[in-house]
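Q: This structure is in structure tokens; I'll ask about it shortly.
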Amino acid sequence: MLLTREQHELALKNSEFILLKLAEAKPGDNIVMLGDTKSYEYSYLFAECARKLGMNICIIDVGIYGGDEKYTKLPIMEPVKRAVLSADITFMVTPQVQTGFDYFIGSKKEADAALAGKGSGKRFILEIDGLDKWQINEEQVMMNRRRAVALYNWLKRADEVHVTTEKGTDLYVKVGSAPDGMYPVMGIIPFYSEVAIVPSFHSVHGVVVADGATERAYNQHGFPIRPNLPGQCELWMEPLRMEYEDSFLVRYSGNPIQVARLDQLMKDIDPKPELCDELGIVTTDSLENGIYGWKEDQSHSIGCVHVAIGNNHQRGEIIHSTEHIDFDINHPVVSVDGHVIIHDGVFEDELILKMGE
């Protein structure tokens, strides 16, 4: 990679912000990076910064180990697992929608704990592409994360979240003590954050009109139900209308092509992915999230929430089960106990911070 002096300095500056502010790394920390050929040059720049800051760091190239199967058919390698579990901090810089910490350590619970910044050792999914190009607004990034924590704290004491859109979404999700799980997602860095709600049975009612993109189906390795991929964007098609009763998806309709994909998924996957596995309230307003992040499917965009279908029967322990597909809902109005917190892509931060801090 040929960089100008300015690009090299910018990459080191961005790396320093990630290490010190987001990962809260300290001199002497032992850091592991899980990377591949595509990410190696950025990883090396990142490691250069870590060394200058007095940290011990190594890069493990797992690309060949992953192979054409994209990590799905290979056994857990015990040496890699031990490196991740014993490191003070681990950064995964392989494509996050095709891999996950569970691919390397064999535990969905530990992998989802990493998304929330919990578990043994600190683990982050670092979307490193563009390290030499980001013009990070540090105040904005820190506010994204502060907003997520404050909203999470408020939702723990609240009763209900209501999501509506002009296209017809009208969804009610119980919060407070009702969800089987709820987490501020802080482990996808530097630009992303959200509050993930794992609803209990009987706590989700209403209609979702999914007019945005969806994640890849079949455990992130198949084709999306509603793609927004380079060369195949179907967001112009009629949105998917999904009806929930008692947290179960009971009816859906939309463009016949996309409905057929969803029908096939329901036939192929056992247990059937008919549960509302998550309401994700995206709390970032950093434009870079959509430029450098989520490149595999262009989902999780700013100014949206997402509702996931899935088959999670370990709801108090994990967010993502063997099938979990997020459906983006664009331009939502989100209310907590009647108080509007998001409208027209704008967060009511004064209210969120007042209620959550």
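Q: Looking only at region 254-287, filter to residues that are of a type in the set (V, I, T) and in contact with a strand residue (DSSP E or B) (Cβ under 7 Å, 6 or more places away or on another chain); which one of those is most open to solvent (accessible area, probe 1.4 Å)?
A: Filtering first and then ranking leaves V259.
Q: Please identify the pairs in which a residue from region 8-36 that is touching a residue at least 24 places away in the same chain (Cβ under 8 Å) and over 19 Å from F104 (Cβ atoms) has its Cβ atom under 7 Å from the Cβ atom of a residue that is of a type in the set (V, I, T) and buried (at least 19 other Cβ atoms within 10 Å of the Cβ), counting only partners at least 6 apart or on another chain.
A: Filtered contacts from region 8-36: I18/I189; L22/I189; A25/I31; A25/I89; D29/I89.
Q: Which of (1) in contact with a Phe, Trp or Tyr (Cβ under 7 Å, 6 or more places away or on another chain); (2) among the hydrophobic types (A, V, I, L, M, F, W, C); (3) closer than 17 Å to D326 by Cβ is the odd one out, the single condition I189 does not satisfy?
A: With (1) in contact with a Phe, Trp or Tyr (Cβ under 7 Å, 6 or more places away or on another chain); (2) among the hydrophobic types (A, V, I, L, M, F, W, C); (3) closer than 17 Å to D326 by Cβ applied to I189, the lone miss is (3).
Q: Please enumerate the residues belonging to region 145-193 that are open to solvent by 10 Å² or more (accessible area, probe 1.4 Å), of a type outside the set (S, T, N, Q), part of a strand (DSSP E or B) and at pLDDT 95 or above.
A: Answer for region 145-193, where residues must be open to solvent by 10 Å² or more (accessible area, probe 1.4 Å), of a type outside the set (S, T, N, Q), part of a strand (DSSP E or B) and at pLDDT 95 or above: E160, H162, D170, Y172, K174.
Q: Looking only at region 178-221, count how many residues are over 27 Å from K133 (Cα atoms) and touching a helix residue (DSSP H, G or I) at 6+ places or on another chain (Cβ under 8 Å).
A: Residues flagged as over 27 Å from K133 (Cα atoms) and touching a helix residue (DSSP H, G or I) at 6+ places or on another chain (Cβ under 8 Å) within region 178-221 amount to 8.
Q: So which residues in region 120-144 are in a helix (DSSP H, G or I) and crowded, with 22+ Cβ neighbours inside 10 Å?
A: The answer is V141, N144.
Q: Criterion first (among the small types (G, A, S) and under 16 Å from I342 (Cβ atoms)) does A150 satisfy it?
A: The answer is yes for A150.
Q: Can you find even one residue in region 210-222 that is farther than 16 Å from H324 by Cβ and in a strand (DSSP E or B)?
A: No.
Q: Counting only residues that are open to solvent by less than 10 Å² (accessible area, probe 1.4 Å), give me the strands (runs of 3 or more DSSP E) lying completely in region 11-93 with at least 2 of them.
A: Passing ranges, in order: 30-35, 89-92.
Q: Would you confirm whether any residue within region 196-203 is among the β-branched types (V, I, T), touching a residue at least 60 places away in the same chain (Cβ under 8 Å), under 20 Å from L126 (Cα atoms) and open to solvent by less than 10 Å² (accessible area, probe 1.4 Å)?
A: no
Q: Separate question: Can you list residue pairs whose Cβ atoms sit under 6 Å apart, with the first residue in region 283-309 being on the phi > 0 side of the Ramachandran plot and the second being at pLDDT 85 or above? Count only pairs 6 or more apart in sequence or on different chains.
A: Qualifying pairs under 6 Å: W294/H300; Q298/A213; Q298/N228; G303/G345.
Q: How many residues does region 226-245 contain that are assigned to a loop (DSSP other than H, G, I, E, B), surrounded by 13 or more Cβ atoms within 10 Å (Cβ to Cβ) and more than 23 Å from the chain's Cα centre (by Cα)?
A: Selection size over region 226-245: 2.
Q: Hey, another quick one. So which residues in region 104-113 are open to solvent by less than 30 Å² (accessible area, probe 1.4 Å) and either touching a Phe, Trp or Tyr at 6+ places or on another chain (Cβ under 7 Å) or modelled with pLDDT of 80 or more (or both), if there are any at all?
A: F104, I105, A111
Q: What is the number of the single condition among (1) surrounded by 13 or more Cβ atoms within 10 Å (Cβ to Cβ); (2) in contact with an Asp or Glu (Cβ under 9 Å, 6 or more places away or on another chain); (3) modelled with pLDDT under 95 that A116 does not meet?
A: With (1) surrounded by 13 or more Cβ atoms within 10 Å (Cβ to Cβ); (2) in contact with an Asp or Glu (Cβ under 9 Å, 6 or more places away or on another chain); (3) modelled with pLDDT under 95 applied to A116, the lone miss is (2).
Condition check ((1) closer than 27 Å to G293 by Cβ; (2) of a type in the set (D, E, K, R); (3) in contact with a Pro (Cβ under 8 Å, 6 or more places away or on another chain)) across all residues:
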{"position": "V198", "(1), (2), (3)": "yes, no, yes"}
{"position": "A210", "(1), (2), (3)": "yes, no, yes"}
{"position": "L229", "(1), (2), (3)": "yes, no, no"}
{"position": "A260", "(1), (2), (3)": "no, no, no"}
{"position": "K267", "(1), (2), (3)": "no, yes, no"}
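Q: Right, something else. Go through region 211-247 and give me each residue that's free of Cβ contacts under 8 Å to residues at least 60 places away in the same chain and on the phi > 0 side of the Ramachandran plot.
A: G231, D246, S247
Q: (1) surrounded by fewer than 18 Cβ atoms within 10 Å (Cβ to Cβ); (2) in a helix (DSSP H, G or I); (3) in contact (Cβ under 8 Å) with a residue 24 or more places away in the chain: which one isn't true of M1, the others all being true?
A: (2) is the only condition that M1 fails.
The values are calculated or read from the model by the stated rules, or taken from the named source; none is laboratory data. Just so you know, these numbers come straight off a predicted model, no measurement behind them. Methodologically, a virtual Cβ is constructed for each residue, glycine included, from the backbone with ideal geometry; neighbour enumeration extends over all protein chains shown. Ligands, DNA and RNA are excluded from the accessible area calculation, which covers all protein heavy atoms including side chains. Shrake-Rupley method; radii C 1.70, N 1.55, O 1.52, S 1.80 Å.
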